[in-house]
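In what follows, a structure is listed as structure tokens, so that the remarks can point back to it.
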Amino acid sequence: ATPDEAARGIALIMRNELGSALPEAMSKTHLVGAPQNHPMSPEAGYGLGLMTRGLPPVVVGHGGQGPGFNHFAAVSSDGSRWCGDTSAQEGEDQDLIRRCVAAVTNDDLTVSQ
């Protein structure tokens, strides 16, 4: 799947279209103490397989990386908005995460903090 297809799949889950218990389980968050400048801060955490942002979560997401690429998929907690994208950066690409989160929240997070 492409990152945008993965984001759409997460959105379907968050909209209860694939089972009503999944959205709650995936967004029940455990705070991880991420630095305030991390794109999923404030109140960054992990749910069942998803990163979360906010209490209660307003954004959920999932990312991955390999040699020469990064993927990130961000979804609003109600599943109404999603964004998935790829970059060619090695290691965690916080600007990629910021762009995806900004597209979902309409926040201006595109400038590195």
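Each row is one residue, and each column tells you yes or no for (1) charged (D, E, K, R); (2) more than 13 Å from the chain's Cα centre (by Cα).
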residue: ASP4; (1), (2): yes, no
residue: ARG15; (1), (2): yes, yes
residue: GLY19; (1), (2): no, yes
residue: LEU22; (1), (2): no, yes
residue: GLY33; (1), (2): no, yes
residue: ARG53; (1), (2): yes, no
residue: VAL75; (1), (2): no, no
residue: ARG81; (1), (2): yes, no
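For GLN36, are the conditions met, namely being assigned to a strand (DSSP E or B) and polar (S, T, N, Q)? Step through it out loud before you land on a result.
Values: assigned to a strand (DSSP E or B): no; polar (S, T, N, Q): yes.
It is false that GLN36 is assigned to a strand (DSSP E or B) and polar (S, T, N, Q).
Evaluation of ALA74 against the conditions (1) surrounded by fewer than 18 Cβ atoms within 10 Å (Cβ to Cβ); (2) touching a Cys at 6+ places or on another chain (Cβ under 8 Å) shows that the sole unmet condition is (1).
Taking ALA102, is it surrounded by 16 or more Cβ atoms within 10 Å (Cβ to Cβ), of a type in the set (A, V, I, L, M) and touching a Lys or Arg at 6+ places or on another chain (Cβ under 7 Å)?
On the way: surrounded by 16 or more Cβ atoms within 10 Å (Cβ to Cβ): yes; of a type in the set (A, V, I, L, M): yes; touching a Lys or Arg at 6+ places or on another chain (Cβ under 7 Å): no.
Criteria not met by ALA102.
Can you spot a residue in segment 8-29 that is in a helix (DSSP H, G or I), among the basic types (Lys, Arg) and over 19 Å from GLN94 (Cβ atoms)? Explain how you work it out, then say what you get.
First, pick out the residues of segment 8-29 that are in a helix (DSSP H, G or I): 8-14, 21-27.
Then keep just the ones that are among the basic types (Lys, Arg); that gives 8.
Still in the list and also over 19 Å from GLN94 (Cβ atoms): 8.
Yes, segment 8-29 has at least one match.
Name the single residue that is nearest to ALA102 (Cα to Cα) among those in segment 15-46 being at pLDDT below 90 and among the hydrophobic types (A, V, I, L, M, F, W, C). For segment 15-46, the residue satisfying everything is MET26.
The values are calculated or read from the model by the stated rules, or taken from the named source; none is laboratory data. All of these numbers come straight from a predicted model, not from anything done at the bench. Note that each Cβ is placed from the backbone with ideal geometry, even for glycine, and that neighbours are counted across all protein chains shown.
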